[in-house]
Amino acid sequence: MNRAKQRNSFGDTLPEELIKVFETADRDDHVRVVILTAEPTAPAYSIGTDISTAMADFSRPEGDTDYRDPGGQVASAIYNCRKATIAAVNGHAIGVGMTALQLPFDFRFVWEKAKLSFPFIRLGISPESTSTFLLPRLLGHSRANSLLLTGATFSPTSPLVSGLYHEIIPKREDVLPVALAFAKDIATNTSQISVAHTKGLLQHPGETNEQNHLLDSRTIKLLGTGEDAAEGALAIKERRGPRFNSPLSKNWHPWWRPVDESRPKAKL
Amino acid sequence: MNRAKQRNSFGDTLPEELIKVFETADRDDHVRVVILTAEPTAPAYSIGTDISTAMADFSRPEGDTDYRDPGGQVASAIYNCRKATIAAVNGHAIGVGMTALQLPFDFRFVWEKAKLSFPFIRLGISPESTSTFLLPRLLGHSRANSLLLTGATFSPTSPLVSGLYHEIIPKREDVLPVALAFAKDIATNTSQISVAHTKGLLQHPGETNEQNHLLDSRTIKLLGTGEDAAEGALAIKERRGPRFNSPLSKNWHPWWRPVDESRPKAKL
Amino acid sequence: MNRAKQRNSFGDTLPEELIKVFETADRDDHVRVVILTAEPTAPAYSIGTDISTAMADFSRPEGDTDYRDPGGQVASAIYNCRKATIAAVNGHAIGVGMTALQLPFDFRFVWEKAKLSFPFIRLGISPESTSTFLLPRLLGHSRANSLLLTGATFSPTSPLVSGLYHEIIPKREDVLPVALAFAKDIATNTSQISVAHTKGLLQHPGETNEQNHLLDSRTIKLLGTGEDAAEGALAIKERRGPRFNSPLSKNWHPWWRPVDESRPKAKL
């Protein structure tokens, strides 16, 4: 995010551009991992939505059920991206900077001194960007309550966010390099088909243990008879790193129906 | 709870009174936060249900499906209260003292030396007060197993309850003052409409990320065009604390149907 | 598991034997707790499925939807066992050694120096044994992502697995004795009816707080009027340990329909 002047507020073309980035990354077989970070000179990772923009947005004369929260649209694009996704949180984060720009990612890396806050109840509004779905799912409801129902500012080392971050990094300038090294390992040593189907199983599990057994039986049989599995086995036999080449675009077996959110382009 | 002599056992009029308190607090716009605590002289926060009372209760000759667990009725009244709720656990807690009197609250503050236990499987009975719903939801199933399937006594600092308590407090006499200061901040600086709708989103989320997006889009539009949101924006502009005045009774937009539990008054 | 030579790989008759053990334990009233561990001379708790076996298994010419993952069949047998179950992880664990042989258990004890890994995405396959259902349920999705979507090797003391293990034990040779002492306490001091119904409530909760209230009201009334509850109350009155004698086989009141997974015997 290169809106240092606006402290990476969530406005102008940023939402639309983020959606485009994650939709493109989802489709392009050459993309293995996506990292979102703030340019190093920015005073914050993201200070959230500019309030006057948000108020203008809310007061458009459309029907109550027609409104689509831009943060939620961005969150969905990130959540639905089948590649590994990383938020490299190299600065303070407030509001949508905590929700859409962190929660839908697979992994979050954070600067140890970042100030973090979900301030919604202190602003007379409510949590957005599907955060009431994503946050308890990530951490459980006890910690989600402590974060969403206080609106307080907290540190990455607080026990209240224990488990939210894959890694907490002492120096701000190290956040992106650490995330990049991590991403390089994923890109080099994992199968994109495996990553996509694992995310699919985690996001669309069976409702019961038994239903999940049917789903993952089918997935492991499909993947287990594929080229990447053969290469994985060969690499172990030959004691070398794997070279996974199967494109996701031709090896995708979802078991759920994609949801049409009917997002009207004009709403962003 | 002022039943020091009975070590705040869950009996007599306590269940009925608790239900009345939380149902009243839910409706009264002047109530912002509810704290439950034990009077300081009590030897325990609550030692749970008196066993002979419980046995008498179970053996009433009503049909098996007509029985309504009093702990569960209290738990539901607390869980359904739309105001911020706090359990200030200033002493030992056993059985229903751990379940109905702690789990349905938004926040739990606890004395560091409190002895805590879910003893059900050591008594030949089963966990009640919707604890098998609430505890895994708060902490995940691994910790819920460790607590409910051992019946052991543990300390608030045990890793097995990590995340259950918003704050662990060294001195017993500080538990209530710390909870009160916390409550005062919530009461002064947050919108009761925001708190109620955030609790609603957390308790009644969409089944999928997409469904939640539709729900929270609608909520943030409704709240975002309201008086509290305008006041919140103005307070920031004027660099002062907010004065949220919108009553919840006139600004409530639930998206789920309230459940009729058909609680027969006589059952308590 | 006594396949030290094969480093307890998941093959030959092991899956079938495990299913038999847990199905028998489920039915036999004399069994109170089941512990799975590796014989002390084995170089690992389990290194997972032998890859060539797995590949041969996947490539059988049966229909895609007919395949039943052997790990998932074992996981289901363990998960459905109504007795207390313990994995005593006294060595390294990889793949199905992390999934079927750990996640469906009620409790996991682990050697502090064990190396642990879910390597699926590094092998071109996908997580199996219902691990995409069980792991997020145990720990939340943030930690599940960190484990399943990296395929990395981690230690029991890593914050990424915080909460997965009931106890982490410094010396390898102490893992089984500690688990045995724990099991003995459960076997001696808890009611098997209580354990089974508590597991039932945790695995088959109500969809909402209210539905759970109806379920646990019914269960506590049924158990509360039974012999074990009377014995529990008497033991407290007489200040002695309880002697629970009610057999599970004659005191089982499930509220859900068991799932027919139509497991064809030939598939193992």
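The values are calculated or read from the model by the stated rules, or taken from the named source; none is laboratory data. Predicted model, so just to flag it, every value in this text is computed and none were measured. So basically every Cβ, Gly included, is an ideal-geometry build from the backbone, and we count neighbours across all protein chains shown. Just so you know, the surface numbers come from the protein's heavy atoms only, side chains and all, with ligands and any DNA or RNA stripped out. Shrake-Rupley method; radii C 1.70, N 1.55, O 1.52, S 1.80 Å.
Listing for the model above:
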item: Exposure of C:Arg3 as accessible area (Å², to 10), given a probe of 1.4 Å and all protein chains; result: 30
item: Chain A: calculated mean residue ellipticity at 222 nm from DSSP helix runs of at least 4, using -39500 (n - 2.57); result: -12000 deg cm²/dmol
item: B:Val74 accessible area, assembled protein chains, probe 1.4 Å, Å²; result: 0
item: Average accessible surface area per residue within the protein assembly as shown, 1.4 Å rolling probe, Å²; result: 40
item: Distant-in-sequence amide H partners of B:Ile169 (H built 1.01 Å from N, under 5 Å); result: B:Val110, B:Trp111, B:Glu112
item: Cα gyration tensor, the range A:36-158 - rounded (a/c under 1.5), prolate or oblate; result: rounded
item: The range C:33-77 - percent of accessible surface contributed by carbon and sulfur, probe 1.4 Å; result: 57
item: Accessible heavy-atom area order of B:Val33, A:Val96, highest first, probe of 1.4 Å; result: B:Val33, A:Val96
item: Gain on full stretching of the segment that runs from B:Lys184 to B:Thr13 - 0.36 nm per residue minus C-alpha separation; result: 58.7 nm
item: Estimated translational D of chain A in µm²/s (Stokes, Kirkwood radius over Cα pairs; 10 °C; 1.306 mPa s); result: 80
item: Positive-pole candidate from B:Ile193, B:Trp255, B:Gln211, dipole of the range B:190-267, charges at beta carbon; result: B:Ile193
item: Top positive-direction residue, dipole computed over the protein assembly as shown with Cβ charges, set B:Phe118, C:Phe109, B:Pro136; result: C:Phe109
item: Protein accessible area in the range C:132-268, 1.4 Å probe - carbon and sulfur %; result: 53
item: Loss of accessible area when A meets B, both sides summed, Å² nearest 100, probe 1.4 Å; result: 4000
item: Derived scalar couplings ³J(HN,Hα) [the range A:234-242; Karplus, 6.51 cos²θ - 1.76 cosθ + 1.60; whole Hz; x for Gly, Pro]; result: 5, 4, 5, 4, 8, 6, 9, x, x
item: Among C:Leu148, C:Gly224, C:Pro177 the positive-end extreme of the charge dipole of the range C:138-239 (Cβ point charges); result: C:Leu148
item: Sequence of A:Asp28, A:Asp12 when ordered by accessible area, the most exposed leading, probe 1.4 angstrom; result: A:Asp12, A:Asp28
item: Computed accessible area, B:Trp255, all protein chains, 1.4 angstrom probe, square angstrom; result: 80
item: In order through the range A:218-226: 3J(HN,Hα) via Karplus (6.51 cos²θ - 1.76 cosθ + 1.60), integer Hz, x for Gly, Pro; result: 5, 5, 6, 5, 5, 6, x, 9, x
item: Which listed pairs, of A:Lys184/A:Lys221; A:Lys184/C:Lys113; A:Lys199/C:Lys184; B:Lys171/C:Lys184, have C-alpha distances above 30 Å, in listed order; result: A:Lys199/C:Lys184; B:Lys171/C:Lys184
item: Dmax and Rg, reported as Rg then Dmax, of the protein assembly as shown (C-alpha, Å); result: 26.4, 74
item: Two-decimal Rg to Rh for the range A:191-267 - Kirkwood Rh, Cα set; result: 1.10
